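The values are calculated or read from the model by the stated rules, or taken from the named source; none is laboratory data. This one's a predicted model, so the numbers in the text were calculated from it and none came from an experiment. Note: ideal-geometry Cβ built from the backbone for every residue, glycine included; neighbour counts use all protein chains shown. For accessibility, only protein heavy atoms count, side chains too; no ligands or nucleic acids. Shrake-Rupley method; radii C 1.70, N 1.55, O 1.52, S 1.80 Å.
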Amino acid sequence: MDGTIPEALFARIQEHPRINEMSRIFMSGSLDLAAKDKRIDGIFKDLGRYAAAIWSLYLHFTGGLTLPRLKDVCRRSGMLSPGRARALLIYLQLLGYVKPLPKTAPGPRQYVPSPPLITATKEQARFGLEALTIADPHMRTVLDHFDEPAFFRTFMMHFGEGALNASVVVDQGDPFWSIFLMRNAGAQVLQLILVSDIDLGGKPIPVSIAALARQLNVARSHIARVLRLAEEAKLI
């Protein structure tokens with residue numbers, strides 16, 4: 001169980017004639033979730049915070065969430081420094097997404113994910129699973145059992161391990177990674193642009209920097225910087 005997507009399946013999804021529709025379902029759903037809940041918006045703002053939330057659930061279901069284990073996952077990912085683990089754990093506590101357990105024995109303190117974090121993770125995952133039913137109707141079976149605790153536990157074990165494996169093999173030096181995924185609200189900027197008209201087929205997409213800044217609650221100068229860097233990297 002390593003969460004790896006077989007190459008043949010990955011290619012089938014990428015080449016599916018309704019891939020744009022599938023992408024829109026997932027991106028629109030994620031954006032709507034963030035717009036409704038500031039806590040969800042907080043973890044969606046950059047890949048580091050999102051990964052910390054996912055790996056908190058993963059660690060909880062695979063032996064317990066502790067600071068040393070989160071540090072180890074950050075180190076193994078190559079995406080986050082172990083030193084950032086403490087700040088991320090504090091951030092998740094401030095959001096009410098994890099809470100410490102009373103310390104009753106020697107060793108590192110254990111933390112547990114809260115029901116709101118589990119609910120938020122389930123809601124976003126459902127958008128992805130709904131989209132995948134277009135390519136494979138059998139994914140409906142996953143959705144039918146998603147609220148069963150044992151089933152969700154197994155899902156998060158696969159998902160967390162898959163996210164860790166993916167972070168190791170991708171080229172983290174790629175500009176797409178640094179400009180959109182690791183920059184505050186970068187992925188959301190890209191999603192909003194794509195969702196506005198994902199089927200234009202290479203035609204120019206009108207973008208309002210002021211509107212994006214208002215919707216994402218960031219400075220207009222920040223949005224302009226993200227777009228400028230993406231243009232210089234020939235991503236847009």
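Here are the numbers:
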item	result
Nearest-20 debye value, the chain charge dipole, Cβ charges on Lys, Arg, Asp, Glu	1120 debye
Interatomic Cα distance distribution for the chain, bins of 5 angstrom, percent	1, 6, 12, 16, 19, 18, 13, 8, 4, 1, 0, 0, 0
Rounded percent of accessible protein surface that carbon and sulfur make up, the chain, 1.4 Å probe	58 percent
Surface accessible to a 1.4 Å probe, per residue, for the residues of the chain, Å²	54 Å²
For SER114, distant residues with modelled amide H under 5 Å away	VAL98, LYS99
Exposure of ILE236 as accessible area (Å², to 10), given a probe of 1.4 Å and all protein chains	100 Å²
Simple label model, 7 Å out from Cα along Cβ direction - SER196 to ARG18, nm	2.7 nm
Using alpha-carbon coordinates, inclination of helix 149-169 to the longest axis of the chain, degrees	60 degrees
Label point distance in nm, ILE90-ASP147, each placed 7 Å from Cα along Cα→Cβ	3.8 nm
Relative contact order of segment 61-192, defined on C-alpha pairs under 8 angstrom at six or more residues apart (%)	22 percent
Helix axis angle, 84-94 relative to the chain longest principal axis, alpha carbon, degrees	90 degrees
Karplus 3J(HN,Hα) series, Hz, for segment 15-23 with 6.51 cos²θ - 1.76 cosθ + 1.60 (x for Gly, Pro)	8, 5, x, 10, 4, 5, 5, 4, 5
Total formal charge among the other residues, if their Cβ is under 13 angstrom from that of HIS60, Lys/Arg +1 and Asp/Glu -1	+3
Among LYS99, LYS203, LYS36, residue whose mean-square fluctuation peaks in a GNM of the chain (springs only between Cα atoms under 10 Å)	LYS203
Full-extension gain in nm, ARG228 to ARG140, via 0.36 nm per residue minus C-alpha separation	27.6 nm
Total formal charge among the other residues, if their Cβ is under 11 angstrom from that of LEU95, Lys/Arg +1 and Asp/Glu -1	+2
³J(HN,Hα), Karplus 6.51/-1.76/1.60, whole Hz, each residue of segment 186-196, x for Gly, Pro	x, 5, 5, 4, 4, 4, 5, 5, 5, 5, 4
Which listed pairs, of LYS38/LYS234; LYS38/LYS203; LYS38/LYS122, have C-alpha distances above 24 Å, in listed order	LYS38/LYS234; LYS38/LYS203
